[in-house]
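Structure first, then comments.
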Amino acid sequence: MNDRGRVIVAHWIVPVKPVPVTPVPAATLVLLRDRSVGGFEVLLIRRHAASKFAAGDFVFPGGKIEATDGSDGAGVIRETFEEVGILLACAEDGRLARVDGQRYAAYRHACQRDHRAFWEMLRAERLTPATGRLVYFAHWITPETQPLRFDTRFFAAATPPGQDAVADAHEITEVRWLAPREALDSNARGELPLRNPTVKNLELFDGAASAGVALERLRGREVRTILPRVIMEGDKRRVLLPGDAGYDD
């Protein structure tokens, strides 16, 4: 109240912290295969430059988990088939399915139009997703500051014999088979755009003598959820991971 008896009301502007977008459940698959001259390589796919997420970057196959998938493992098998045509599924005798070119190409196109067609294909061919061949090894969540977020489980598996990756020419524009160290070095030289989770997970495979050794290295690994923090230092963007100095500030 002032000296004339008038009430003075003070106003403070309190900044409101934006509520983070709820992350969408997703899964991704690292496919490995041995090279004929020693060592092994993993599959990387390039997302279309117009994609809403990771545009133009090389990533592992995978995507959003649908309600009809039933599990993250089954969902990533479906996504991998849609994106690159590799099918991890078992016949009734437990053997991996053989993918006939023309017939399964038609199935793949149907799946790209409607993800539910994948399950119709499995029923028609008497197949089941080979989820038992997947190794679950990492869990990443997109930073809270991002407008499009994913809660992503990472799996790894050996590539089924006789199958190769073919880009869908819609979401995926290129496929590359590279040894983990080749991919990491190409990224360091600015030749291969990789996202931070891709780099960190490729490092887990680096140095293994074969695909089998790499997969065995990951079995039983303790999986901790990684939620990166993004901070700006002037005009520079820096990503902090749990355990980094300043992460909990």
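Tell me which of A211, C90, A245 sits at the most positive position along the dipole axis of the chain, charges placed on C-beta atoms (Lys, Arg +1; Asp, Glu -1).
A245
Distance between Cα centroids, segment 90-127 to segment 181-223: provide it in whole Å.
Spelled out, the Cα-based centre of one part sits 30 Å from the other.
Rounded to two decimals, what is Rg over Rh for segment 201-249 when you use alpha-carbon atoms and the Kirkwood radius?
1.15
P(r) tail for segment 24-222, what percent of Cα pairs lie past 23 Å?
41 percent
Values in this text are rule-based calculations from the coordinates and carry no lab data. The model shown is predicted, which means the values in this text are computed figures rather than measured ones. Backbone-built Cβ (ideal geometry, glycine too); neighbour counts: all protein chains shown.
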